[in-house]
1. Given the options 102, 72, 43, 67, name the one that is modelled with pLDDT of 95 or more, in contact with an Asp or Glu (Cβ under 9 Å, 6 or more places away or on another chain) and either of a type in the set (S, T, N, Q) or within 25 Å of residue 140 (Cα to Cα) (or both).
2. For the list (1) under 17 Å from residue 31 (Cα atoms); (2) part of a helix (DSSP H, G or I); (3) touching a residue at least 12 places away in the same chain (Cβ under 8 Å), I need the number of the one condition that residue 102 fails.
3. Taking the range 47-84 on its own, how many of its residues are free of Cβ contacts under 8 Å to residues at least 40 places away in the same chain, closer than 30 Å to residue 96 by Cβ and among the hydrophobic types (A, V, I, L, M, F, W, C)?
4. Taking the range 1-50 as the region of interest, how many residues are on the phi > 0 side of the Ramachandran plot and in contact with a Leu (Cβ under 7 Å, 6 or more places away or on another chain)?
5. Of the residues 80, 89, 119, only one is over 26 Å from residue 43 (Cβ atoms) and under 16 Å from the mean Cα position of the chain (by Cα); which?
6. Could you tell me how many of the residues in the range 141-163 are out of contact with any helix residue (DSSP H, G or I) (no Cβ under 6 Å at 6 or more places or on another chain) and farther than 12 Å from residue 85 by Cα?
7. Could you list all residues from the range 98-125 that are surrounded by fewer than 18 Cβ atoms within 10 Å (Cβ to Cβ) and in contact with a helix residue (DSSP H, G or I) (Cβ under 8 Å, 6 or more places away or on another chain)?
8. What about residue 128, is it part of a helix (DSSP H, G or I), surrounded by fewer than 18 Cβ atoms within 10 Å (Cβ to Cβ), touching a Gly at 6+ places or on another chain (Cβ under 8 Å) and not hydrophobic (A, V, I, L, M, F, W, C)?
Amino acid sequence: MTATEKLLARNEQYAQTFEPQPTGRPVKKVAILACMDARLDPARALGLEEGDAHVIRNAGGVVTHDALRSLAISQHLLGTEEIILIQHTDCGMQSFSDDELAERLEAHAGEPPPFEAHTFDDLDENLRKSIQMLKESPFLLNTDAVRGFVFEVETGRLRELHA
């Protein structure tokens, strides 16, 4: 049985007690942008239930055009009022460079990727810049309600970082 097949079996169990939410509007009016790292589960780390928040994830918890698109939709159309940004210690995005990934992908695909990896060296500095990008975005509402945190994969704790 493949990993996907095992997960689908678990979904069958989950569906037995599933209670549908009446709307896609997050009850807590919060949107979370977080890294996709498997050690970080924003819902578990923050004690969220289905329907509480929008959770947007990508490699590094990076403020990309697509992340901004999702956050803008979340605020303008679905009523979120706060943004929580979560990056983490021991992030894989610190283990290679944009150029290294671009070269690898070009060698594989025969053409350069149409995107940047957005790697970084300094976690705290990257998080500060990311917070500032969100606060300065003309496409977001409530930019005064943006907060950034480092998830410590060693302890499970969130450490707030101010821009």
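1. It is 43.
2. (1)
3. 3
4. 0
5. The match here is 119.
6. Selection size over the range 141-163: 8.
7. Across the range 98-125, the qualifying residues are 112, 113, 116, 118, 121.
8. yes
The values are calculated or read from the model by the stated rules, or taken from the named source; none is laboratory data. Since we're looking at a predicted model, the values are computed, not measured. We place every Cβ from the backbone using ideal geometry, glycine too, and count neighbours over all the protein chains shown. When the accessible area is computed, the model is the full protein with side chains, heavy atoms only, and any ligands, DNA or RNA have been set aside. Shrake-Rupley method; radii C 1.70, N 1.55, O 1.52, S 1.80 Å.
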